[in-house]
Each structure stands twice: as structure tokens, then as C-alpha cells.
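The values are calculated or read from the model by the stated rules, or taken from the named source; none is laboratory data. Just so it is clear, the structure is predicted and the values come from calculations on it, not from any experiment. Methodologically, a virtual Cβ is constructed for each residue, glycine included, from the backbone with ideal geometry; neighbour enumeration extends over all protein chains shown. Remember, those area values only see protein heavy atoms, side chains included, never the ligands or the DNA or RNA. Shrake-Rupley method; radii C 1.70, N 1.55, O 1.52, S 1.80 Å.
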Amino acid sequence: MTESIEDLYKEIILDHYRRPRNRGSLLPPARNACAYNPLCGDEITIWVDIDENDTITDIKLDGKGCAISQASGSMMSTLLQGKSLTEARTVFLRFKSMLGIGKNKTDIEIFDPEAPAGSQLGDAEALKSVRQFPSRVKCATLAWNAFEEALGQDTAVSL
Amino acid sequence: MTDLASRIRQDFPILQRKVHNVPLVYLDNGASSQRPVQVIAAMDEHYRMHHANIHRGAHTLGEESTQAYESAREKVAGFVNAPATHEIIFTKNATEAFNLVASSCGRFFLSEGDRILVSAMEHHANIVPWFMVAEQTGAKVDWIPLTSDGQIDLEAAHALIPGAKIVACTAVSNVLGTINPIAEICAKARESGAVSVVDAAQLAPHLPIDVQALGCDFLGFTGHKMCGPTGIGVLWGRTELLDAIPPFLGGGEMIEIVDFEGFTTAPLPYKFEAGTMPIAEAIGLATAIDYLTDIGFDAIRKHEVDLLGTTFDMLTSAFGDKIRIYGPQDINRRSGILSFNFGDIHPHDLASILDAEGVAIRAGHHCAQPLMRTLGVQATARASFYFYNTKEEVEILAHGLEKAADIFGI
């Protein structure tokens with residue numbers, strides 16, 4: 001492991017853990033989905049409102065779990081708020097690329113570690129050290145998987 | 001008190017290694033213990049010099065392997081004080097032992113409306129097979145509740161046992177470390193005509209077992225938590241019941257005759273040992289039993305109680321209200337398992353921070369979700385000790401917790 005444990009628990013991650021953004025729920029017709037990590041019991045439920053132009057107009061999360069899973073959900077919600085589904089797809093794939101998982105097809109979907117800090121994934125870039133802690137990658141992707149599942153309920157807008 | 005640990009630690013090569021450039025502190029023995037060179041050497045010797053399939057070919061290696069495998073069975077019979085050697089059935093693990101009992105008992109004597117009584121501190125291995133058999137037979141699963149300090153509510157147990165067909169209970173909780181009054185529960189079950197099924201997975205590594213004194217009907221445990229290899233477990237059952245219930249898995253070895261109409265089963269214990277069994281693993285388990293018996297369960301228990309007392313004192317004096325330890329506060333009522341939560345730090349985060357200090361603990365629900373719900377928590381951190389752990393290692397654990405407190409600002 002080249003990263004130290006302090007790299008995993010950066011201040012910004014603890015801040016999102018202690019003061020999660022966009023906490024709460026939305027009423028139907030918001031799409032929702034729940035993701036669960038059976039290994040540790042972490043859970044996240046997500047609600048997403050999408051307008052007729054395929055723009056994410058609101059996103060809310062609720063859940064319980066470790067700092068990584070909960071902070072990652074909070075960071076994701078701030079990143080995706082107001083994004084079009086096409087933009088969200090790019091963010092989604094770039095995040096997975098940062099963690100060394102998933103398939104990327106274009107340059108804009110691949111996370112560039114040399115780019116200025118915060119320019120690609122905002123606060124969520126603080127999670128890039130998770131890649132060095134393989135057992136925690138599932139924690140970091142939990143909320144993102146819930147988001148993907150929520151959109152998957154309607155194949156027309158699926159990522 | 002570190003005399004025992006310092007004397008035998010060199011038997012465990014893995015305890016000499018480093019993780020993240022610091023010495024390994026292995027406190028995840030409740031999940032799986034480490035194994036001494038004696039066990040590794042016995043399995044190595046079997047594969048190098050003696051291996052062949054058992055109970056088959058009339059050749060030297062086949063005879064040597066059969067002899068070693070059956071000696072292992074005798075060793076286990078002595079270890080649990082079984083009245084007869086054929087009452088020892090080798091399985092893959094404790095989970096398979098309970099699946100065998102549940103499946104075979106289910107087909108033999110459970111039917112719609114029957115009550116299966118399970119304690120609220122069971123591992124999923126002694127819960128899920130019962131749910132599965134309940135689904136198949138129409139029987140229903142009922143729960144023995146716990147007291148607020150994590151012990152079996154005996155009064156409730158006494159009231160619930162009459163009328164139940166099965167009473168499934170763990171001898172030692174894998175989460176709380178609680179040592180249950182299993183003889184009393186089994187006596188009540190026997191008096192009421194219920195079949196008792198005891199999970200001894202966390203008992204066998206730490207305390208002597210006497211199935212006759214416990215008065216149980218079935219008892220299961222696994223090899224890898226008691227210095228033995230993975231892939232080998234044990235089911236002990238009373239002859240009368242093992243004879244009565246149908247076989248679990250079908251295949252070679254468990255039959256007497258197969259013809260175009262069907263099959264007849266082999267006598268005990270082979271009736272329940274279908275296919276080629278884990279031969280080297282059985283030999284490894286027998287060696288582990290010798291190893292533990294040589295050290296002595298009195299010495300093991302004394303060492304673990306000392307260590308548990310030290311840990312309780314050290315953690316509560318260092319962290320006060322920040323640390324919440326679950327289960328009985330009386331260390332004489334628990335084995336070397338310590339489940340806790342630390343401030344608002346999630347156990348998963350704690351485990352990562354401790355790992356960076358070389359300390360291996362378990363974080364999560366420990367395959368005991370009904371118990372987690374009873375405790376009102378999502379997860380706990382669990383440090384579980386064995387006779388090779390030392391006070392110095394407890395100090396490193398405490399130091400790791402200090403570091404976690406620093407990082408999370410609690």
C-alpha cells in the first residue's frame with residue numbers, strides 16, 4: 001500500500017460523513033432505489049427527480065454505514081445535481097475509472113490523475129485513495145450503484 | 001500471563017509476519033484461527049507419503065490413508081466424549097453440519113405447524129437451514145429472546161421449549177462471546193421431547209466439550225477456528241437419531257447397495273459421508289486436537305480470561321464512555337470475544353484504521369443479523385483472542401483506537 005490511512009480519511013471525506021449533503025427523500029414520481037452491502041450491512045437509498053429534458057432536478061439520499069459509503073453518496077449528490085443524464089453518465093464512468101473499475105470508451109470518461117485537483121469530480125476526487133484499499137471500493141461505489149439502479153427502472157433514461 | 005503465548009508463538013509462522021511494515025496483530029480468531037506448523041506438517045506428510053482414496057483400493061496407500069482418516073474420527077470422538085466413534089460425522093464445516101441436521105430432521109419428523117426454536121444470538125449457519133426446512137415442511141421458526149446484557153433469557157426459554165420439536169442454540173455467541181447454559185437448555189429440551197442442536201463452533205477452540213454432560217442430541221463445529229484446516233467440520237449426533245433420519249447427500253461411500261430400483265444406505269457414520277471426504281483435512285484436525293490438548297484447555301482458558309480482563313480494563317480506562325462493549329460484563333461468562341463500538345466511528349472504518357496499524361479485527365454483522373437488530377446496531381467491531389495473543393498486542397489495539405479517535409476527532 002503506497003497510500004497512508006490518513007489519505008483515506010481526508011478532512012473533506014469526514015466533513016461529508018458528518019454533514020451529509022442532500023439528505024432526505026423525495027415523493028413519487030421520483031425514481032428511487034436501495035443499495036445494500038451484505039458484507040457490512042451498509043445501506044443507501046436514493047431518490048432522483050428527472051424533468052422532461054432529462055435533467056436531474058433533485059437528488060436525495062438516506063442511509064447508514066461507514067464514512068466512505070456515506071461521504072461518497074453525499075459527494076455524488078452534489079456532483080449530479082442539475083446535470084443532464086448524458087453529463088451524469090460521464091461523471092459516473094469517470095468516478096469508476098478513478099477507482100480502477102468499469103469500462104471507459106472516451107477520453108472524457110477516463111479520470112486523469114494529472115488534471116488540476118477537483119476539476120473532474122469535485123470533492124469526490126478525495127476518494128481516489130480508496131483504490132489502494134480494495135476491500136473498501138464497494139463502500140465507495142454503494143451510492144453510485146443505487147443511482148444507477150434508480151435510473152435503470154426506466155430503460156429510456158438508463159445510463 | 002504471556003508465558004503460554006511466548007512459549008507457543010513460534011509454532012505459528014504467520015504470527016511472525018508484518019503487514020504494512022508493522023508486526024501483524026491477529027485478533028480475528030473468531031472468524032478463523034491460525035494454525036501451527038505441527039498441523040501443516042501433518043497434512044504435508046499425508047500428501048507427500050500416504051495419500052490415496054479411503055475405504056476403497058486394497059493397496060498400501062489406501063490402507064494407510066483409511067487408517068489415518070479413521071484414527072482422526074476416533075480422536076474427535078474422544079475430544080467430545082462421544083459414547084461411540086460412529087457418531088462422529090465429518091462435514092465440510094459447521095454450516096454443513098447444521099444443514100445436514102435441518103434437512104434430514106425436516107424430512108424425517110417435521111411437518112406443518114411444528115415449532116423450531118432458535119436463539120436470537122445464533123449465527124446464520126444455525127438460522128438459515130431452519131428457515132429453509134420450515135419453508136419446505138410448513139413448520140415455523142420461533143425465537144428464544146435475550147436479556148439486555150446479551151444472555152439467553154432462560155425464563156423465556158423454559159416457557160418456550162415445551163411443545164417445540166427442535167431447539168437450536170449456540171454454546172458460545174460468535175458476537176458477544178456469551179457462554180450459554182447449554183446443559184440446562186438441552187435438559188429442558190430432552191424433558192419436553194424436543195431435539196437439541198448445539199452450535200459449538202466458538203466452544204470447541206476454547207473450552208472442553210462433553211456431549212454426554214451437555215445432554216444434547218446434535219452438536220456441530222468446524223476445524224479452522226481451532227487451529228485445524230479449512231474444509232473440515234464435525235457433526236456429532238446420538239446413534240438413535242442418526243440411525244433414524246435419512247441421509248443428507250447421496251453418492252459414493254454412503255450406500256450399501258445400488259440397483260435399478262434404488263439404494264440402501266451404508267451404516268453409520270458412512271451413511272452421512274457421501275463422496276470423497278477431506279482426508280488430509282481430517283488428519284490436520286486430529287493434529288490440531290492433539291496440539292490443543294497438549295497445551296491443555298485449562299491453560300488456554302486461563303490465558304484468555306486474563307487477556308479479556310486486561311482488554312476490558314485497558315479499553316474502558318483509556319476510552320470511558322466512548323467505547324461500548326456488548327455482552328456480559330462478567331468475563332467469567334464470556335469467551336475471548338469482544339464486540340464493541342467506538343464513538344460514532346463505523347466498525348468498517350475502524351477496521352481499516354486498525355489494519356494500517358497491523359491489527360486484524362472483524363467489522364460487520366458477523367453473520368448474526370437478528371442479534372444486531374436485538375442490540376439495536378447495524379454492525380460492531382469484534383476483536384477475538386486466542387491463546388497465542390499477548391498483552392502487548394492488546395496495547396497495540398488500544399493504540400490503534402487512539403489513532404482512530406484522532407482521525408475522526410472524537
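What the table below lists for this structure:
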item	result
Phi-based couplings in Hz for the range B:162-168 (Karplus 6.51, -1.76, 1.60; Gly and Pro marked x)	x, x, 6, 8, 10, 10, 10
Built amide H within the under 5 Å cut-off of A:Ile50, gap 5+	A:Arg31, A:Thr57
Cα-based helix-to-principal-axis angle, B:279-295 vs chain B, degrees rounded to 10	50 degrees
3J(HN,Hα) from dihedral phi, the range B:225-233, Karplus parametrisation 6.51/-1.76/1.60, rounded to Hz, x for glycine, proline	8, 10, 6, x, x, 6, x, 9, x
Solvent-accessible area per residue for the protein assembly as shown (1.4 angstrom probe, square angstrom)	40 Å²
Under 17 Å between alpha carbons - lysine pairs in chain B that sit 8 or more apart or on different chains	6
Global geometry of the range A:5-151, whether rounded, prolate or oblate, following the gyration tensor of its Cα atoms and the 1.5 cut on a/c	oblate
Prolate/oblate/rounded label for the range B:50-293 (Cα gyration tensor, a/c 1.5)	oblate
Longest exposed-site-free window of chain B, the sites being GluC sites (Glu not before Pro) in a DSSP loop that have at most 14 other C-beta atoms within 10 Å	B:262-410
Local electrostatic count, B:Met254, Cβ distance below 13 Å [Lys/Arg +1, Asp/Glu -1]	-2
Rounded if a/c under 1.5, otherwise prolate or oblate - the range B:11-104, Cα gyration tensor axes	oblate
Cα centroid of the range B:58-134 to Cα centroid of the range A:1-68, whole Å	44 Å
Interface area, B with A, accessible, probe 1.4 Å, both sides summed, Å² nearest 100	1600 Å²
Quarter of the Cα convex hull surface for the range A:65-136, i.e. its orientation-mean projected area (nm²)	5.0 nm²
Hz values of 3J(HN,Hα) by residue in the range B:127-134 - Karplus curve (6.51, -1.76, 1.60), Gly and Pro given as x	10, 4, x, 6, 4, 5, 6, 5
Relative intensity, log₁₀ I(q)/I(0), of the protein assembly as shown from a Debye sum that treats every alpha carbon as a point, q = 0.07, 0.08, 0.11 Å⁻¹	-0.50, -0.64, -1.08
Degrees separating the helix B:182-192 axis from the principal Cα axis of chain B, which is the longest one	40 degrees
Per-residue average of Cβ from other chains inside 10 Å of B:341-351	5
Size of chain B as Cα extents on the principal axes (Å, biggest first)	72, 54, 33
Burial of 20 Å² or greater, the range B:1-48 residues [accessible area, probe 1.4 Å, versus chain by itself]	B:His20
Percentage, to the nearest whole number, of Cα pairs in the range B:138-201 over 19 Å apart	25 percent
The protein assembly as shown - percent of accessible surface contributed by carbon and sulfur, probe 1.4 Å	51 percent
